[in-house]
Every structure is written in structure tokens, then in C-alpha cells.
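Asker: Provided herewith is a single structure, encoded as C-alpha cells, for subsequent inquiry.
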Amino acid sequence: MMATYKVTVATGSFLLAGTMDSISVTLVGERGQSPKQHLNNFGRDFNSCSVDHYNVKAEQDLGRMLLVRLHKEPFSIFPEDSWYCNEVTVETPSGESYRFPCYRWIEGYTTVELREGTAKFIYEDTHSILLQHREAERKNNQTSFGWKAFPGAPWGLDVNTAEELNSDYKYSLTKLGGLGLQSETAVLELKLKGLLNLQESWKSFEDIEKVFWKKKTDVSEYVFQHWKEDTFFGYQFLNGANPVQIQKCIKIPPNFPVTDEMVKHSLGDHTSLHSELQKGNIFIADYKVLEGIPPNVIRDQQQHIAAPMCLLYRTPADEIIPIAIQLSQTPGPESPIFLASDTKWDWILAKIWVRNADFLAQEGHAHFLGTHLLIEAFMICTLRQLPSCHPLYKLLFPHFRYTLHANMTARIKLVGAGGVFDQSASAGAKHFDLYMKNGLEILTYTSLCIPDNLASRGVDKLPKYYFRDDILKLWAAIESFVTSIVNSYYQSDSYVQKDSELQAWVDEIFAKAFLGRESSGVPSTLKTRAELAKYLTMIIYTCSAKHASVNSPQFDFYYWMPNAPATMRNPPPKTKGTATIENILKTLPEVDSTCRVMVLMWVLTRTSSDVVHLGNYPDQLFTEEKAALCIKAFQKRLSEISAEIQERNKDLPVKYSYLDPLLVENSVSV
């Protein structure tokens with residue numbers, strides 16, 4: 001007896017998502033499959049944004065639906081036309097409805113199999129067709145997503161350019177156009193001023209302010225006005241572009257011999273360094289991770305890298321101020337300890353060296369390594385080990401949007417030979433592997449999980465630490481969401497242990513992202529639902545909130561170049577009393593180098609019109625109601641956090657908005 005199925009096909013909503021190609025369908029159920037049927041209504045089908053309805057005949061009731069096969073074939077004389085399919089819905093003769101998520105480009109003339117959308121573990125698949133589909137997907141992905149070793153860094157995808165990527169992992173035309181427009185606009189402004197090719201020192205600090213006419217923000221203007229102040233210097237360790245460098249100092253390091261007498265000027269007459277150490281009011285920023293990295297050479301001129309140590313004090317007014325700076329890891333006559341009581345320009349130059357080190361630690365380690373490179377490895381492992389029907393694939397995949405394209409572009413245009421950093425920063429492409437190696441060696445599971453990170457640094461109770469306050473709320477919201485998903489799909493700890501795909505995924509992440517370093521404390525196996533929830537929280541946090549905390553503030557804090565120079569052209573001073581405005585300007589980056597970095601920071605911090613913010617899942621990979629309820633609760637909490645941040649910011653002279661969920665992107669997309 002013939003059976004009629006109602007088939008609905010949804011095409012993507014963005015530019016050029018539709019197709020002119022011929023589309024046919026085959027329905028596959030437990031009891032058999034339908035004949036291949038051409039999908040054709042009156043007029044054009046499969047336009048962008050369209051939802052098309054068809055009746056598909058089968059010779060019998062097919063039983064429980066398993067797969068939908070979409071056949072994309074030539075139509076008339078028209079050339080091949082790529083198609084972005086959102087999903088297919090099938091309603092059976094008995095009224096049951098099945099959803100088959102797609103959410104990807106279908107390119108060329110091919111047949112694509114879509115699996116019914118219910119999330120399934122491998123031990124839940126009993127039908128041979130589904131097991132074969134699962135295994136075929138895994139084998140295909142392990143072939144398509146091969147590994148490439150990068151010395152000293154996490155492994156990455158074995159492609160050389162973004163153009164080699166499958167269209168599903170490339171930027172949309174909308175995003176590409178937006179990035180190009182932002183870059184060209186900034187470059188044009190600098191060319192009109194004759195600055196972009198000016199290979200000479202800045203004549204004055206006032207000239208630097210004229211880099212951009214219009215491209216300024218309230219925060220960047222505040223930085224320009226206050227960058228010399230000790231209180232603002234300290235503020236940036238808490239709420240700047242690298243807010244995870246500072247830690248409590250329990251004991252003065254032997255290679256940083258600061259004495260009571262040295263810092264009496266900063267502490268006042270009624271206390272001492274020893275007393276403030278006991279009270280927990282002394283902090284340190286140590287850039288040992290930069291030690292031993294050979295500095296870059298730009299246009300035959302040697303650049304310089306320092307590995308400074310900066311001692312900081314929490315004042316009775318709850319301000320963080322610097323009280324002593326040593327510009328190397330080795331004390332001695334040629335490495336003096338600079339103090340707030342030194343001459344004005346000696347002290348400013350010492351602070352500039354710290355800010356240069358902070359720039360390098362932020363861009364290379366906290367940002368590029370700590371988000372971009374790790375997430376690329378997380379993504380590849382997910383594609384290689386977790387089939388698209390796995391609940392954790394459905395949870396994680398939206399958080400990898402555009403990351404591969406961003407990273408391929410960065411490797412060439414930013415950190416590669418001849419890239420922006422090679423032309424403008426003191427850590428260049430030639431020794432980039434050592435730069436990454438140093439950062440990876442200090443990366444730990446504790447440092448990746450922000451509540452543990454804050455506790456280990458002893459800064460969990462510092463006042464005015466808005467980054468900490470906001471990031472902990474976001475971590476808790478993500479953790480609550482992830483825990484609800486994990487507990488909805490894994491009935492007990494034993495289900496975690498017997499999920500062979502999960503265990504292979506965790507093991508490959510340990511091997512490829514962390515190079516099998518047991519000292520990192522990163523797990524290579526997971527045994528409980530709680531362990532799994534924390535691990536997944538770490539990944540989603542890294543993709544979203546963590547990246548927002550290091551990417552979004554870049555233009556605000558780096559626009560005024562003396563506050564965070566990318567390179568230093570003269571070596572650190574070996575004696576006191578030598579710094580002047582003139583030699584500081586000769587030490588700071590040249591005009592063209594400054595401008596290249598400013599353009600980069602402007603482009604990296606612009607928001608694309610097709611942005612997807614944290615908590616939004618336009619690609620509905622989950623089809624079960626229980627997952628939808630988890631997402632809804634997550635969105636509600638994020639909305640509450642946003643309101644709390646906006647209310648707090650009303651009373652702040654410098655608003656900290658980078659972790660407002662309304663501004664946090666779901667993935668690393670630039």
C-alpha cells in the first residue's frame with residue numbers, strides 16, 4: 001500500500017544560500033526506503049530563506065525514519081551551484097515528525113546522507129544502517145581533517161591557507177566584506193596622513209595621538225589621558241587586555257631583591273614591605289616566560305625583548321600601584337631596580353618596558369596560544385572523534401564557528417614571515433616556535449579553568465577586579481548549562497566511562513593540544529559526569545568569554561601605543577638617570593610599525609553583522625525538547641548577567657563591558 005510522506009526543506013538565510021541545481025530525495029526507514037524522487041514545485045525551489053514543501057511517495061510504510069538522502073545533480077545548462085541546506089523535516093503518514101539537521105554547504109554533484117536529529121551515543125545505536133553511517137562519517141572526517149605539527153605549539157589542521165578550507169569553515173561573504181571594509185577604511189585614513197610608510201621615530205607624544213581622526217573610543221581616550229599614572233598602570237593588570245598576569249606575592253623572589261628602604265616612598269612611613277607581605281597586599285607580575293626568546297630584526301635593526309618583574313602594592317584606597325620594576329630575571333649592577341621615587345622619565349620608561357612585555361605575553365600566550373591554537377585543536381579532535389549525532393558534538397560545534405578561517409589567516413598575515421608581527425613586534429616569525437613553546441610549557445588545567453586560576457594566583461578577593469567578577473559569573477552560567485546537558489544525556493558516571501568516542505576525543509586532545517604533557521594536569525580520560533562538565537565548561541569558556549576578555553579590549557588599551565608598544569628598538573637601560581623624552585621616542589616603535597599594529601587592533605575588535613553571541617544557537621543541532629529547555633535557562637541567566645554588568649558600569653569612570661553577554665561572541669571568529 002502506497003504511503004505519502006510530507007517533506008519540508010529549509011534553505012539557509014544568508015547571501016547565495018540557494019541553488020539552481022536539481023535536488024532529489026530518498027527517505028530511509030527501518031523497513032525500507034522510498035524511490036529517489038525529484039523535488040520540484042511550480043516556480044523556483046530552494047531560494048535563500050525558502051521553506052519548500054513536497055509530498056514523497058513510498059511503496060510501503062517505512063517505519064521509524066533513519067536517514068534522508070539528498071541528491072544534488074545538474075539542472076539543464078546551468079553551472080554547478082552550491083546550496084546551503086538548514087534542515088529537512090519528514091512527517092510520516094501516521095503524523096509523526098522527524099527532523100534531520102544539515103546546516104552545511106552541499107557543493108558539487110553529490111549525495112548527502114542526513115541522520116535523524118536525536119542525539120545518540122555509540123552504545124545506543126543498534127540499527128546496522130545507523131552504525132554504518134556513524135563509522136563512515138568518522139572515517140571520512142579523519143581523512144579530511146588531518147594533523148599538522150607546529151613545533152612547540154598545539155597541533156593544527158593540515159592546510160596552508162583559508163582558501164583550502166571546506167566552505168562550512170570559511171567566513172561568510174558578509175563577514176569577509178565587513179573585515180575588508182574596516183581594514184581598507186583604516187588604511188586609507190593613515191595613507192591620507194602619509195603615516196603608513198613613514199619609517200622614522202615619532203617626533204612627540206602629541207603626534208602619536210593623531211594616528212586616527214575618528215577611530216577612538218571612550219576607553220582609548222581615557223588611556224591616552226591617564227597612561228602615565230601609577231594607579232592606571234596597576235588598573236590594567238586587573239581590567240586591561242591581559243587580566244590574568246598578576247598574582248599575590250607571598251615572599252620576595254631571591255632574583256628580585258627589593259628592600260624595605262627601596263619602597264618606603266611608595267608604602268609610606270607607617271608600614272613596611274614585610275608588613276604588607278604579611279597582610280597580603282603585595283602582588284607581582286613576572287614575565288619570565290619571555291626570557292630567552294631571541295628578539296626580532298626589523299629592517300636590519302635589532303629589536304629587544306625584556307623579561308621584567310614588577311612588584312605591586314594594594315593601597316589603603318584599594319588601588320593597585322607599581323612600587324618596583326626590574327627589567328630582567330637576573331639582578332646585578334647592569335639590571336637596576338627602578339622605583340617610583342626615581343626620576344620621572346626613568347620610571348615611565350621602566351613601566352613602558354613592562355607594558356611591552358605584557359603586550360607580548362598577552363598577544364602570544366594569553367590570546368593566540370591560549371584561545372586560537374587550543375580551540376583549533378579542540379575543534380579538530382571533535383570533528384575526528386565525535387560524529388555529528390553525538391550530544392557533545394551538538395553542544396560544542398557552534399562554538400567553533402569561523403575559528404579555522406581566523407587561524408589560517410592569522411598564521412599568514414599576523415604571525416607568519418612578513419606578517420604584521422614580523423614587521424612590527426619584537427617577537428618575530430623566525431623564533432615564533434620558541435615563543436609558543438615557552439607559553440605552552442606553563443599552561444596548566446588550573447590556568448585554563450578560571451575559578452582555579454584566580455584562586456591559584458591569590459587574587460580571588462582583590463577589589464575593583466571587574467574582569468574577575470564578570471568572568472566568574474559567565475563561567476558559572478556556562479557550567480550550569482553544560483551540567484544540565486551532561487546530566488540529561490549521561491544517566492550516571494558509568495555512561496561517561498563507557499562512551500568510547502568521548503574517551504578517544506579526550507585522549508586525542510591531551511596528545512595534540514597539550515602534546516601529552518602530564519605536568520599540565522590536563523586529563524586524558526574522564527570518569528565522572530562532574531569531570532566531564534568541568535572539561536566542557538573549560539572548552540566553551542575558552543571559545544567565548546576567555547577570548548572576549550583578551551580580544552575585545554585590544555584597541556581600547558593598545559590604541560595609545562606608548563601604553564603597550566609592540567616592540568622596543570633600544571635595549572633596557574642598564575643605569576638610572578639616563579631616560580629622556582627623546583630617547584624614549586627613539587626606543588618606541590617607528591611610525592609605520594605603530595600604524596600597522598593600530599590598524600590590526602581596530603579590525604580585530606570590530607563586530608561583524610553576522611555575529612552570533614554567547615547562548616545563541618541559530619543552527620538547531622539539538623532536536624530534543626530537554627536540550628531546548630537547557631538552552632532557554634542558559635539564555636535567561638546570561639540576560640540577568642548582562643543587566644548586572646550594565647548596572648555596575650553606570651558608576652565606573654572606565655566601564656568594563658567586555659564580558660557583557662550581549663557583546664561576547666559564541667566562538668573565536670577573528
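Asker: Does the range 298-306 contain at least one residue that is over 18 Å from Lys264 (Cα atoms), of a type in the set (A, V, I, L, M, F, W, C), outside any loop (DSSP other than H, G, I, E, B) and within 31 Å of the chain's Cα centre (by Cα)?
Answerer: Yes, that holds for at least one residue.
Asker: So is Ser167 in contact with a strand residue (DSSP E or B) (Cβ under 9 Å, 6 or more places away or on another chain), on the phi < 0 side of the Ramachandran plot and surrounded by fewer than 16 Cβ atoms within 10 Å (Cβ to Cβ) or not?
Answerer: yes
Asker: Check Ser172 against each of (1) modelled with pLDDT under 90; (2) surrounded by 19 or more Cβ atoms within 10 Å (Cβ to Cβ); (3) not hydrophobic (A, V, I, L, M, F, W, C) and name the one condition it does not meet.
Answerer: For Ser172, the exception is condition (1).
Asker: If I filter the range 407-417 for residues that are touching a residue at least 24 places away in the same chain (Cβ under 8 Å), touching a His at 6+ places or on another chain (Cβ under 8 Å) and within 23 Å of Thr542 (Cα to Cα), do I get at least one hit?
Answerer: yes
Asker: Let me ask something else about it. Residue under question is Thr446, and the condition is that it be of a type in the set (S, T, N, Q), closer than 17 Å to Ala366 by Cα and either modelled with pLDDT under 95 or in a helix (DSSP H, G or I) (or both); does it hold?
Answerer: Spelling it out, Thr446 is indeed of a type in the set (S, T, N, Q), closer than 17 Å to Ala366 by Cα and either modelled with pLDDT under 95 or in a helix (DSSP H, G or I) (or both).
Asker: Another question, then. Could you list all residues from the range 94-117 that are in contact with a Ser or Thr (Cβ under 6 Å, 6 or more places away or on another chain) and not in a strand (DSSP E or B)?
Answerer: Across the range 94-117, the qualifying residues are Glu107, Gly117.
Asker: If you don't mind, there's one more thing I want to ask. Test Glu113 against the criterion of being among the acidic types (Asp, Glu), in contact with a Leu (Cβ under 6 Å, 6 or more places away or on another chain) and either surrounded by 15 or more Cβ atoms within 10 Å (Cβ to Cβ) or touching a residue at least 12 places away in the same chain (Cβ under 8 Å) (or both), and give yes or no.
Answerer: Yes; evaluated as a whole, the condition is true for this residue.
Asker: If you scan the range 124-164, which residues turn out to be surrounded by 13 or more Cβ atoms within 10 Å (Cβ to Cβ), assigned to a loop (DSSP other than H, G, I, E, B) and in contact with a helix residue (DSSP H, G or I) (Cβ under 6 Å, 6 or more places away or on another chain)?
Answerer: Asp125, Phe145, Gly152, Ala153, Pro154, Trp155
Asker: Could you run through the range 182-206 and say how many residues are among the acidic types (Asp, Glu) and surrounded by 14 or more Cβ atoms within 10 Å (Cβ to Cβ)?
Answerer: Taking the range 182-206 and keeping what is among the acidic types (Asp, Glu), we get 184, 189, 200, 206.
From what's left, surrounded by 14 or more Cβ atoms within 10 Å (Cβ to Cβ): 189.
Of the residues in that region, 1 qualify.
Asker: Farther than 16 Å from Cys543 by Cα and of a type in the set (Asp, Glu) - does that describe any residue in the range 339-351?
Answerer: There is at least one residue in the range 339-351 that is farther than 16 Å from Cys543 by Cα and of a type in the set (Asp, Glu).
Yes/no per residue for (1) farther than 30 Å from Arg606 by Cβ; (2) in a loop (DSSP other than H, G, I, E, B):
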position	(1), (2)
Lys216	no, yes
Phe232	no, no
Val244	no, yes
Phe256	yes, yes
Ser275	yes, no
Ala285	no, no
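Asker: Only one of these conditions is not met by Thr483: (1) surrounded by fewer than 21 Cβ atoms within 10 Å (Cβ to Cβ); (2) out of contact with any helix residue (DSSP H, G or I) (no Cβ under 7 Å at 6 or more places or on another chain). Which number is it?
Answerer: With respect to (1) surrounded by fewer than 21 Cβ atoms within 10 Å (Cβ to Cβ); (2) out of contact with any helix residue (DSSP H, G or I) (no Cβ under 7 Å at 6 or more places or on another chain), Thr483 is out only on (2).
Asker: Just to be sure I understand the filter: pairs with C-beta atoms under 8 Å, separated by 6 or more residues or on different chains, first member in the range 650-662 and closer than 14 Å to Phe232 by Cβ, second member β-branched (Val, Ile, Thr). Which pairs pass?
Answerer: Listed by first residue and then by second, the contacts come to Val654/Val219; Tyr656/Ile645.
Asker: Here is a further query. Could you check how many residues of the range 400-444 are among the polar types (S, T, N, Q) and out of contact with any Ser or Thr (no Cβ under 9 Å at 6 or more places or on another chain)?
Answerer: The first filter runs over the range 400-444 and keeps only residues among the polar types (S, T, N, Q), leaving 403, 407, 409, 423-424, 426, 438, 444.
With the extra rule that they be out of contact with any Ser or Thr (no Cβ under 9 Å at 6 or more places or on another chain), the set shrinks to 407, 438.
So the answer is 2.
Asker: Just give me the residues in the range 615-628 being free of Cβ contacts under 8 Å to residues at least 60 places away in the same chain and more than 20 Å from the chain's Cα centre (by Cα), in sequence order.
Answerer: Selection gives Glu625, Ala628.
Asker: Mind listing whichever residues of the range 578-614 are over 27 Å from His304 (Cα atoms) and touching a residue at least 60 places away in the same chain (Cβ under 8 Å)?
Answerer: Arg606, Ser608, Ser609, Asp610, Val612, Leu614
Asker: Name every residue in the range 259-308 that is closer than 30 Å to Asn197 by Cα, surrounded by 19 or more Cβ atoms within 10 Å (Cβ to Cβ), touching a Pro at 6+ places or on another chain (Cβ under 6 Å) and of a type outside the set (A, V, I, L, M, F, W, C), in order of residue number. Don't jump to the end; show me each part of the working.
Answerer: Initially, the range 259-308 is screened for residues closer than 30 Å to Asn197 by Cα, giving 290, 293-306.
This time we only want the ones that are surrounded by 19 or more Cβ atoms within 10 Å (Cβ to Cβ), so: 290, 293, 295-296, 298, 303, 305-306.
From what is left, the residues that are touching a Pro at 6+ places or on another chain (Cβ under 6 Å) are 303, 305-306.
Once the filter is applied, which keeps residues that are closer than 30 Å to Asn197 by Cα, surrounded by 19 or more Cβ atoms within 10 Å (Cβ to Cβ), touching a Pro at 6+ places or on another chain (Cβ under 6 Å) and of a type outside the set (A, V, I, L, M, F, W, C), the range 259-308 yields only Gln303.
Asker: Within the range 287-297, can you find the residues that are of a type outside the set (Gly, Ala, Ser), farther than 22 Å from Leu238 by Cβ and in a loop (DSSP other than H, G, I, E, B)?
Answerer: Glu291, Ile293, Pro294, Pro295, Asn296
Asker: Restricting attention to the range 258-269, report how many residues are part of a loop (DSSP other than H, G, I, E, B) and not hydroxyl-bearing (Ser, Thr, Tyr).
Answerer: Selection size over the range 258-269: 3.
Asker: Surrounded by 14 or more Cβ atoms within 10 Å (Cβ to Cβ), part of a helix (DSSP H, G or I) and in contact with an Asp or Glu (Cβ under 9 Å, 6 or more places away or on another chain): is that true of Gln236 in this structure? Outline the logic, then answer.
Answerer: Working: surrounded by 14 or more Cβ atoms within 10 Å (Cβ to Cβ): yes; part of a helix (DSSP H, G or I): yes; in contact with an Asp or Glu (Cβ under 9 Å, 6 or more places away or on another chain): yes.
When the stated conditions are applied, Gln236 passes them.
Asker: If you take the residues in the range 592-607 that are among the hydroxyl-bearing types (Ser, Thr, Tyr) and assigned to a loop (DSSP other than H, G, I, E, B), which one is nearest to Gly177 (Cα to Cα)?
Answerer: Here the residue is Thr607.
Asker: Same structure, new question: Pick out the one residue from Trp602, Trp560 that is at pLDDT below 95, within 24 Å of the chain's Cα centre (by Cα) and aromatic (Phe, Trp, Tyr).
Answerer: None of the others qualify; the one that does is Trp602.
Asker: Follow-up question, since we're still on this one. Taking the options Pro661, Pro618, name whichever one is under 22 Å from Ser484 (Cα atoms), buried (at least 20 other Cβ atoms within 10 Å of the Cβ) and not acidic (Asp, Glu).
Answerer: Going through Pro661, Pro618 in turn, just one is under 22 Å from Ser484 (Cα atoms), buried (at least 20 other Cβ atoms within 10 Å of the Cβ) and not acidic (Asp, Glu): Pro661.
The values are calculated or read from the model by the stated rules, or taken from the named source; none is laboratory data. Because the structure is predicted, anything quoted here is derived from the model rather than measured. When we count neighbours, we look across all protein chains shown, and the Cβ atoms used for this are built from the backbone with ideal geometry, even at glycine.
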